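S.K.: There's a structure below that I have some questions on.
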Amino acid sequence: MIEFKNLSLVYPNGNEGLKNINIKINEGEFVVIVGLSGAGKSTFIRSINRLVTPTDGELIVDGEDILTHNGKSLRALRKKIGMIFQSYNLVKRSTVLKNVISGRLGYTGTLKSIFNMFPKEDMQLAYDNLKRVNIEDKLYSRADELSGGQQQRVSIARVLTQKPKVILADEPVASLDPPTSHQVMKYLKQINKEDNITTIVNLHFIDMAMEYADRIIGMRAGEVVYDGPASEVTEKTFEEIYGRTIREEDMRGGEDNE
Amino acid sequence: MIEFKNLSLVYPNGNEGLKNINIKINEGEFVVIVGLSGAGKSTFIRSINRLVTPTDGELIVDGEDILTHNGKSLRALRKKIGMIFQSYNLVKRSTVLKNVISGRLGYTGTLKSIFNMFPKEDMQLAYDNLKRVNIEDKLYSRADELSGGQQQRVSIARVLTQKPKVILADEPVASLDPPTSHQVMKYLKQINKEDNITTIVNLHFIDMAMEYADRIIGMRAGEVVYDGPASEVTEKTFEEIYGRTIREEDMRGGEDNE
Amino acid sequence: MSFKLPPKPKNRPAVAKRVISLLALLALYIWTITSVNIDWGRVFSERTLENFDRIIPQFFDPAFEETGTILVKMIETIFIAYTGSLAAAVIAVPLAFLCATNMVKNKWLNTIGMWILGAVRAFPEIILAIIFVAAVGPNPFAGVLAIAIGSTGMLGKLFSEVIESIDMNIIEALEASGANKMQILFYGIMPQVLPEFLSYAIYRFEIDVRASSVLGIVGAGGIGTLITFAYLNRNWDEVGMILLVIIIAVTIIDQISGFIRRRLV
Amino acid sequence: MSKTDQFTPNSLYPAKTKRTITLAFIAVIGFYLISSITTESFIINFFLKLSNITDLVGRFFPPDWGYVTYVWPKLFETIHMAIISTTIAVIISVPFCLLAAHNITTNKWLYNFMRMVLNIIRTIPDIILAVVFVGLFGIGVFSGIIALIIFAVGILVKLMSEIIEAIDMNPSEAIRASGGNTIQTIWYAVVPQILPQFISFSLYVFEINIRASVVLGLVGAGGIGQLINKEINFLNYPAVSTIVLIIFAVVVVIDWISGKLREGIV
Amino acid sequence: NDDTLVMGFVPSQDSDEIADTVEPLAEKLSEELGVEVEGRVMTNYTALVEAMGTNEVQIGFIPAFGYVLANQEHDVEVILKSERFGSGTYKAQYIVGADSGIETLADLEGTTWAYGDPTSTSGYLFPAAQIMDEFGVENPETEFFAESKQTGGHDQSAIAVLEGEADVATTFDDVRTGLEEDYPTIMEETKILTYTDEIPNDTISVTKELDDELVQEIKAAFLSFNDNEEMITIMNEVYNWDRIIEAEDSEYDVVRSTFEKFGDDISLD
Ligand SMILES: Nc1ncnc2c1ncn2[C@@H]1O[C@H](COP(=O)(O)OP(=O)(O)OP(=O)(O)O)[C@@H](O)[C@H]1O
Ligand SMILES: Nc1ncnc2c1ncn2[C@@H]1O[C@H](COP(=O)(O)OP(=O)(O)OP(=O)(O)O)[C@@H](O)[C@H]1O
Ligand SMILES: [Mg+2]
Ligand SMILES: [Mg+2]
């Protein structure tokens, strides 16, 4: 269970990333966060594994306030939270297998990992996870030889190898074309259901959000402006989140959203 | 009027970009081309201003077969065809105005253009077009100081400054978020209607295609697999173009689309 | 509306700066051109033509009979350059990490690193060579040391630029999965920088083959002695031959290293 | 799928890659050992003789500040030589680096020919250039300048052609697509992209030219090298370190100017 | 290897052939002494002087000026020197154009001076000292001559006069014989204005660390080359030496006192 209690985050330059967030996410939920560019979606997600540090409030993960974590306890926290990125963040020049096994680094001694000595079970796990996302035949390919969709699948395999309790995904399909996007979302959904892993995903596209989410959280300017089951989302919700209808006919004076 | 007659294009490495295309596009039409990655959308579009050269067939623009053009006549052809790119293709370090006025290069002597001596009317035109896409206040900003949506609007202004009869746009909104995408598409549509400029656009997203197109052309593996008014497009059409339903539940063995 | 572009935003200090720099540049050139001491009369004299007549034919008629001696020295030169560049490549790595602002967040340490590299680069190779000849005697090892120290400055700077340009997102991804600093180094940083490191090291090796041709002057081994002797004795055919050997050797190295670099990236 | 279900990879790399890496590693170390033995270079010696080095380096300090007055004339001569040769080299290298970039010069034959010529020029050590030009044009600044120009063109063209090959070709495609001719395309799409690097490389070459003049001085091609050579031979090390420090200061200043110029342009 | 003797060789530029190998000499010496001798040639004696200071090189073939520095800095001792043309000394000459109208040293005032290298005894030190003495100037380069040019070598200095780049060149006596082949007119177009005092020839010196017994052996070995037809031929062909003769440190006092005149310019502490 993840709980945000009056959580705020102000970036060093004064930008308010999160404003007083109160949210509870239950185990096994598939939550999609939507919102315009700059709404704070990434900040929200990255707070959970402390890639950014909220400046105020409490963030409870598995009963502990993670804002106090650092060093060892922070690494322990991160071990149980897997993360998937928009730009895959694979080491392009390393093989697929090496990328996937790097999900096990948190469980492996420094020296052993430097000499690539992973236990057999870990190798097995990595390979099984590659099979799970159907890409086991690319085992020894270099990551940069793969297409975007394949790279994202490798990064899912990497996260699975970490055996996380929570998966965070920051716009995992923004760089992919629609059919491939759906494929990736389906893998995520399948894993969420099969392994009961809490999954929190940022998405730009509301239609995709409605299709896969159990629950949708809408953000605007650092605040949560909508929170409810995907089934209850309406055209109106959309307007609320984006702050205006998108079909507006006033073409002049369009403000910039980036 | 643009007419493809039995047009084929084989890339030097043997890839078949276009296979025996027969299409007629009328003046003032707003055509959207959809298809998977690698379907040949870009190849189709880029043939029209000869950024790629078809290897077989005829391509008639304004009554002339442009496949025989080269040198001077090719530049004359390109002068009347404007092009908008997915990645905007602005010179990042130059000012907005310099980028826009570069649309006039085809009308300006080499020497004059090197010393930035453009006729007054051209400057006027450039400025008016910036106003048209509502970005005249960024006149002297450097292109890399603008957001994606703004950059795309500058590139529309550049194309307008060229006073083209045809506008080609290769995935003009692929790098933009949905509200900004709609804004850009609306500008394109508006220009198409106001100036009666034939407009041919590549899009990934069928919903957007349906919203703006007069006519939709679907491509798959270098062939035209659908051609008809946007109003007649159905779920079925979509399946035809993408070669399968996208809501398929078979998650295993997904082929790669890139 | 009659045409009028909005006025260009005038940034007075910037314009003033530009004018001042232009004037400074102009002054610099005027100073240079008026004070440089070129004897044009000599340059375009008959002497020059005579010299061309005497030197050029000899130069392009290389002394093939010297091939043996020159080859031996050339191989020595290559060995010196190789050993020296390899040592430099090793020494440069920690210094480069010290200088890279995305690795060591402490500005002071960065600056110290930069100063070390800068100081090393300021020393002319010939002075390094003298120091090392004095230290270890007049032998190729002195040359190796001079090359090693001399190359560390440039390699360290290039390496640190490579490190600064890596994709930090990957580091973030590894951090997010609970990896520690050492693991991040080996799984996230090394794979990204190693090919560039190697390719720069090879590039430096090529430069060093040429640079070590100077070392012979002070007895630190290599082909430099031969060049000086050939010049002092005005044996242009020997200079031609030495140049031919160097061109061939460096071209071969260039081909091999080009091949290796292509496979690396 | 041909593999069985129990398959477990037991290595992060395929066997072939592992073999290649091992072989390459052995080759590097092996060649190191060979050259180390033939040149009798064992790093351990360095540490054994460290006291010799520190003694000698110690004699370079403190620098002889009184010597500074002797340095100016030759330093200025060096700077003049570097300014002239860099300026001319920069002008010469502009057409050549366009010709040696495969994305601009699409004619394969011309491109390869240019590359070959440049590669040969780059292999010539500066000392040989100096020696030959002194032989031809006599002693003095002119020979030094010519040697530096050729030396600099080789480096500059190589660096710049690589930058040109790495530029974003999209803007030039856009300009071509709107009917611009070749020169207009280069002027509007290529030049703005490479200008900052071009300037900083020019300054880098300027710096190299100042250093190279140390070598030129050895054979009478002018510049501050003469001074260093003389003072070294008189074992007048404090004076040498004054010269080196001044060269260092000049290099730092150039670095700083280079940074400022880049800031102004980027 | 501690038993190995290292012999550093700076060929005197003051001769018309310049050696680029020392191999035969080292081999022969090694044979005579029964220890390994390694030979190294370099064109710049600074490194050699310093290497003798750290005893990395034990035997040095150093020209006169270099020896004086080595003796002063590192107590290096001269044991032998070369004999050329039957003499243990040589002198420097002033070369001027044959029809330049320059007849005396005084005529040189305000002319352009070419010298090979400021550390060359005959090319720079002795002539410069002579000018300093006769005309009471401290820096001949700036106070006496209008301009001075460093050419890198004696040949190049003489050529500079021949080609009109300089009015006077100072070289060893007589550099022009070696140039006649390439510049057949040099003897007619140039003339010798005058000569300097006698300069002692290049030395064979040893470091203070060598024990006396070994030094004696080395001395004897070198002297025995005089009676060895084959060796003397090599010495002559390669190094332009006719004989090897004994030498005393005091013979080099003349060089020492010469460069002391340079005061600040050559600071010796
Ligand atoms: N490192 C940072 N320093 C300062 N401000 C930041 C930083 N990162 C983000 N911000 C600001 O915080 C706010 C929220 O940013 P965030 O990246 O969370 O938005 P987002 O919803 O993920 O947007 P996008 O869809 O563009 O990824 C924005 O105003 C942004 O400018
Ligand atoms: N320069 C080229 N050389 C060789 N083959 C090419 C080249 N450009 C494209 N192709 C091939 O031609 C086919 C059509 O490519 P095209 O770029 O037209 O597709 P697309 O529909 O625009 O795809 P995307 O949505 O990814 O832009 C593809 O198979 C592609 O691999
Ligand atoms: Mg984000
Ligand atoms: Mg495309």
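The values are calculated or read from the model by the stated rules, or taken from the named source; none is laboratory data. Being a predicted model, the structure only gives us computed values, none of them experimental. Because the Cβ atoms are built from the backbone with ideal geometry, glycine has one as well, and the counts that use them run over all protein chains shown. Ligands, DNA and RNA are excluded from the accessible area calculation, which covers all protein heavy atoms including side chains. Shrake-Rupley method; radii C 1.70, N 1.55, O 1.52, S 1.80 Å.
S.K.: With chain B rotated onto chain A, spot the residue of B whose Cβ lies nearest the axis and note the distance in whole Å.
M.R.: B:Asp207, 4
S.K.: If I take R0 = 25 Å and measure r between the Cβ atoms of D:Thr54 and C:Ile116 in this structure, what FRET efficiency does the formula 1/(1 + (r/R0)^6) give, to the nearest 0.05?
M.R.: 0.90
S.K.: Estimate the FRET efficiency between B:Leu111 and D:Asn107 by the formula 1/(1 + (r/R0)^6), using the beta-carbon distance for r and 30 Å for R0, to the nearest 0.05.
M.R.: Rounded to the nearest 0.05, the efficiency is 0.75.
S.K.: Within chain C, which complete DSSP H helices have Cα atoms spanning at least 20 Å along the helix axis and a mean Kyte-Doolittle hydropathy of -1.0 or higher?
M.R.: Counting only whole DSSP H runs, the qualifying helices are C:12-35, C:67-99, C:107-122, C:140-164, C:190-215, C:236-264.
S.K.: Given the options E:Val175, E:Val57, E:Val215, state which has the largest fluctuation in a GNM of chain E using a 10 Å cut-off (strictly under) for Cα springs.
M.R.: Between E:Val175, E:Val57, E:Val215, it is E:Val215 that shows the largest mean-square fluctuation.
S.K.: I would also like to ask the following. Just the number, please: Stokes-Einstein D of region D:65-264 in µm²/s, Kirkwood Rh from C-alpha pairs, 10 °C, 1.306 mPa s.
M.R.: 87 µm²/s
S.K.: While we're looking at this one, here's another question. Quick one: check the C-alpha center-to-center distance for region B:147-217 versus region E:76-128, whole angstrom.
M.R.: Comparing the Cα centres of region B:147-217 and region E:76-128, I get a distance of 85 Å.
S.K.: Okay, next question. Between A:Asp214 and B:Glu3, what is the FRET efficiency for a Förster distance of 60 Å, r being their Cβ-Cβ separation, to the nearest 0.05?
M.R.: Efficiency, from the Cβ-Cβ distance: 0.70.
S.K.: Ranking request for peptides B:103-110, D:39-46: highest mean number of other beta-carbon atoms within 10 Å first, then the rest in descending order.
M.R.: Values: B:103-110: 20.5, D:39-46: 16.9.
Averaged packing, sorted descending, gives the order B:103-110, D:39-46.
S.K.: With a 1.4 Å probe on protein heavy atoms only, work out how much accessible surface E and D bury together, total over both chains, in Å² to the nearest 100.
M.R.: 2000 Å²
S.K.: Now for a separate question. Obtain the nm distance between the two label points defined at E:Asp99 and B:Glu235 by a simple spin-label model: each point lies 7 Å from its Cα along the Cα-to-C-beta direction.
M.R.: 11.1 nm
S.K.: While we're looking at this one, here's another question. List the accessible area buried at the contact between B and A, summed over both sides and calculated with a 1.4 Å probe, in Å² to the nearest 100. Write down the numbers at each step before the final one.
M.R.: Details: alone 13140 and 13190 Å², together 23210 Å².
Its buried surface, counting both partners, is about 3100 Å².
S.K.: OK, next. When chain C is modelled as a GNM with alpha-carbon springs shorter than 10 Å, which of C:Asn180, C:Asn106, C:Asn233 fluctuates the most?
M.R.: Of C:Asn180, C:Asn106, C:Asn233, the most mobile in the Gaussian network model is C:Asn180.
S.K.: For E:Lys149, which sequence-distant residues (separation of 5 or more, or a different chain) have an amide H within less than 5 Å of its own amide H, given hydrogens modelled in the peptide plane?
M.R.: Placed amide hydrogens put E:Trp113, E:Ala114, E:Tyr115 under 5 Å from E:Lys149.
S.K.: Chain B: Rg/Rh from Cα coordinates, Kirkwood Rh?
M.R.: Across chain B, the Cα-based Rg/Rh ratio is 0.98.
S.K.: Give me the percent of the accessible area of region D:138-266 that comes from carbon and sulfur atoms, probe 1.4 Å, all protein chains in place.
M.R.: C and S fraction of accessible area: 70 percent.
S.K.: Could you name the lysines in cross-link range of A:Lys131, using Cα to Cα under 18 Å and dropping any fewer than eight places away on the same chain?
M.R.: A:Lys98, A:Lys120, A:Lys163, A:Lys186, A:Lys189, A:Lys193, D:Lys3
S.K.: Let me ask something additional. Counting alpha carbon pairs within less than 8 Å and at least 6 residues apart, what relative contact order, in whole percent, applies to chain C?
M.R.: About 26 percent, as a whole number.
S.K.: What is the dipole size for region D:65-264, taken about its Cα centre, with +1 at each Lys and Arg Cβ and -1 at each Asp and Glu Cβ, in debye to the nearest 20?
M.R.: Dipole size: approximately 240 debye.
S.K.: Per-residue mean of other chain beta-carbon atoms within 10 angstrom of the beta-carbon, peptide B:178-189?
M.R.: Numbers: counts 8, 12, 8, 1, 5, 7, 1, 0, 6, 2, 0, 1.
That works out to 4 on average.
S.K.: Using 7 Å Cα-to-Cβ label points, what is the B:Ala174/D:Thr69 separation (nm, one decimal)?
M.R.: 7.1 nm
S.K.: In whole percent, and with a 1.4 Å probe on the protein chains, what portion of the accessible area of chain B is carbon and sulfur?
M.R.: 47 percent
S.K.: Positive end of the dipole of region B:2-250, charges at C-beta (+1 Lys, Arg; -1 Asp, Glu), about the Cα centre: which of B:Thr110, B:Ser181, B:Gly71 has its Cα farthest in that direction?
M.R.: Going by the charge dipole, the pick is B:Thr110.
S.K.: OK, next. Of D:Cys97, D:Ile120, D:Thr38, whose Cα points farthest to the positive end of the dipole of chain D (charges on the beta-carbon: +1 Lys, Arg; -1 Asp, Glu; origin at the Cα centre)?
M.R.: D:Thr38
S.K.: Going from most exposed to least, what order do C:Lys105, A:Lys120 have by accessible area with a 1.4 Å probe?
M.R.: Result of the area sort, largest leading: C:Lys105, A:Lys120.
S.K.: Taking only the C-alpha atoms, wrap a convex hull around chain C and report its volume per residue in Å³ as a whole number.
M.R.: Spread over its residues, the Cα hull of chain C gives 285 Å³ apiece.
S.K.: Just checking the output field for B:147-153: average partner chain Cβ neighbours within 10 Å of each residue's Cβ?
M.R.: Average neighbour count from other chains, rounded to a whole number: 3.
S.K.: Put simply, what bits of region C:127-166 lose 50 Å² or more of accessible area when the other protein chains are there, versus the chain on its own (1.4 Å probe)?
M.R.: Relative to the lone chain, where solvent access is computed with a 1.4 Å probe, region C:127-166 loses at least 50 Å² at C:Ile127, C:Ile130, C:Ile131, C:Ala134, C:Ala135, C:Pro138, C:Phe141.
S.K.: Take every Cα pair under 8 Å in region B:1-149 that's 6+ residues apart, average their separations, divide by the length, and report that relative contact order as a whole percent.
M.R.: 20 percent
S.K.: Here's a follow-up. What is the distance, in nm, between label points placed 7 Å from the Cα along the Cα-to-Cβ direction at E:Ala146 and at C:Ile252?
M.R.: 5.3 nm
S.K.: For A:Lys24, which lysines qualify as cross-link partners when the Cα separation must be under 19 Å and same-chain residues fewer than eight apart are set aside?
M.R.: A:Lys5, A:Lys41, A:Lys80, A:Lys165
S.K.: What's the carbon and sulfur percent of chain E's accessible surface, probe 1.4 angstrom, rounded to a whole number?
M.R.: 41 percent
S.K.: Where only protein heavy atoms count, and the probe is 1.4 Å, what is the accessible area per residue for the protein assembly as shown in Å²?
M.R.: Numbers: 53380 Å² over 1316 residues.
I get 41 Å² per residue for this part.
S.K.: Normalised by the number of residues in region A:2-250, what is the relative contact order in percent for Cα pairs under 8 Å and 6+ residues apart? Mind showing how you got there, number by number?
M.R.: On the way: 455 pairs, mean separation 70.1, N = 249.
Averaging sequence separation for qualifying contacts and normalising by length gives 28 percent for region A:2-250.
S.K.: Per residue of C:214-226, how many C-beta atoms from partner chains lie within 10 Å of its own C-beta, taken as a mean?
M.R.: 5
S.K.: For region B:1-145, just say rounded, prolate or oblate: build the C-alpha gyration tensor, square-root its eigenvalues into a ≥ b ≥ c, call rounded for a/c under 1.5, and beyond that prolate if a/b exceeds b/c, oblate if not.
M.R.: prolate
S.K.: Also, I was wondering about something else. Could you run the numbers on buried accessible area between D and C, total for both chains, 1.4 angstrom probe, in Å² to the nearest 100?
M.R.: 5400 Å²
S.K.: Another question about this same structure. Give the cross-link partners of C:Lys17 among the aspartates and glutamates, using a straight C-alpha distance below 19 Å as the criterion and excluding same-chain residues fewer than 8 apart.
M.R.: D:Asp255, D:Glu263
S.K.: Same structure, new question: I need the per residue convex hull volume for chain E, using only the alpha carbons, in cubic angstrom as a whole number.
M.R.: Taking the convex hull of the Cα positions in chain E, it is 118 Å³ per residue.
S.K.: For region D:128-215, report the translational diffusion coefficient in µm²/s to the nearest whole number, using Stokes-Einstein at 20 °C, 1.002 mPa s, and a Kirkwood Rh over Cα pairs.
M.R.: Reported coefficient: 142 µm²/s.
S.K.: Something else: For the protein assembly as shown, treating each Cα as an identical point scatterer without solvent, what Debye log10 I(q)/I(0) comes out at q = 0.04, 0.05, 0.08 1/Å?
M.R.: Scattering profile of the protein assembly as shown, log10 relative to I(0): -0.33, -0.50, -1.04.
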